[in-house]
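A.B. asks: Once you've had a glance at the structure underneath, I'll fire off some questions.
The values are calculated or read from the model by the stated rules, or taken from the named source; none is laboratory data. What you see is a predicted model; the values in this text were computed from it and never measured. FYI the Cβ positions are ideal-geometry reconstructions off the backbone, even for glycines, and counts take in every protein chain you see.
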Amino acid sequence: GIQVEQSPPDLILQEGANSTLRCNFSDSVNNLQWFHQNPWGQLINLFYIPSGTKQNGRLSATTVATERYSLLYISSSQTTDSGVYFCAVTRQAGTALIFGKGTTLSVSS
Amino acid sequence: DGGITQSPKYLFRKEGQNVTLSCEQNLNHDAMYWYRQDPGQGLRLIYYSQIVNDFQKGDIAEGYSVSREKKESFPLTVTSAQKNPTAFYLCASRRGGDQRNIQYFGAGTRLSVL
């Protein structure tokens, strides 16, 4: 089945710093979603981005489908950005998401 | 408010006991999913259902059972056959016919063994 790898596994930042999280996937996908899991465990949808670039405030994401990777950019990080960021993909409509192991981000003030 | 409600937030299971986790959605979504998350890991699929009265096993279905009698509800039973049930359980749903396949998640249930 399709493999999803995220890097780095852990990231520690000072407030105000920028960061880039990477997601590599082993096959073509019809869906790629980025999630933020907050300290209470809630998974929050950040982006649906099987290809192209999107921006939402301080967050942006780019997926290069032909090269099978996606990047999540966090600018001017805040302590509330702390948590685990997951990338998840599906190969075709109707199937379940396949998750990477996540990147744990810690932002300190 | 529209959304996915999981209950309870915390659940404790005694040895040999079956427990049921609730997942209800009022989004009118056709498909529902159950995932398991272990510490430091991503989510893994337990069961999913595309329509009422139909469901399929995921990657780690052993020791679990589900039912889908109503569109809004997809309860998960953790049976005594599941030897390592301590984990965080997340339910998700997806709108039928959504070719983008976007899934939305509930707040989760933490299950521990006494």
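A.B. asks: I want to confirm something. Restricting to the range B:81-114 and keeping residues that are free of Cβ contacts under 8 Å to residues at least 60 places away in the same chain and closer than 17 Å to B:Gly58 by Cβ, which single residue is nearest to the other protein chains (Cβ to nearest Cβ)?
C.D. replies: B:Asn101
A.B. asks: List the pairs whose first member sits in the range A:91-109 and is more than 7 Å from every other protein chain (Cβ to nearest Cβ), whose second member is crowded, with 16+ Cβ neighbours inside 10 Å and not aliphatic (A, V, I, L, M), and whose Cβ atoms are under 6 Å apart, counting only residues at least 6 apart or on separate chains?
C.D. replies: A:Gln92/A:Asn30; A:Thr103/A:Gln6; A:Thr103/A:Tyr85; A:Leu105/A:Ser82; A:Ser106/A:Ser82; A:Val107/A:Ser77; A:Val107/A:Asp81; A:Val107/A:Ser82
A.B. asks: Has the range A:44-52 got any residue that is surrounded by fewer than 17 Cβ atoms within 10 Å (Cβ to Cβ), within 12 Å of another protein chain (Cβ to nearest Cβ) and under 17 Å from B:Tyr35 (Cα atoms)?
C.D. replies: Checked the range A:44-52: at least one residue is surrounded by fewer than 17 Cβ atoms within 10 Å (Cβ to Cβ), within 12 Å of another protein chain (Cβ to nearest Cβ) and under 17 Å from B:Tyr35 (Cα atoms).
A.B. asks: Tell me which residues, restricted to the range B:55-80, are among the β-branched types (Val, Ile, Thr) and in contact (Cβ under 8 Å) with a residue 60 or more places away in the chain.
C.D. replies: Matches in the range B:55-80: B:Val78, B:Thr79.
A.B. asks: If a residue has to be more than 9 Å from every other protein chain (Cβ to nearest Cβ) and assigned to a strand (DSSP E or B) to count, how many in the range B:39-55 make the cut?
C.D. replies: So the answer is 6.
A.B. asks: With respect to A:Gly1, is the statement that it is more than 28 Å from B:Arg95 (Cα to Cα), exposed (fewer than 13 other Cβ atoms within 10 Å of the Cβ) and not acidic (Asp, Glu) true?
C.D. replies: Criteria not met by A:Gly1.
A.B. asks: What do you reckon, is A:Tyr85 in contact with a His (Cβ under 7 Å, 6 or more places away or on another chain) and modelled with pLDDT of 95 or more?
C.D. replies: So A:Tyr85 fits the description; yes.
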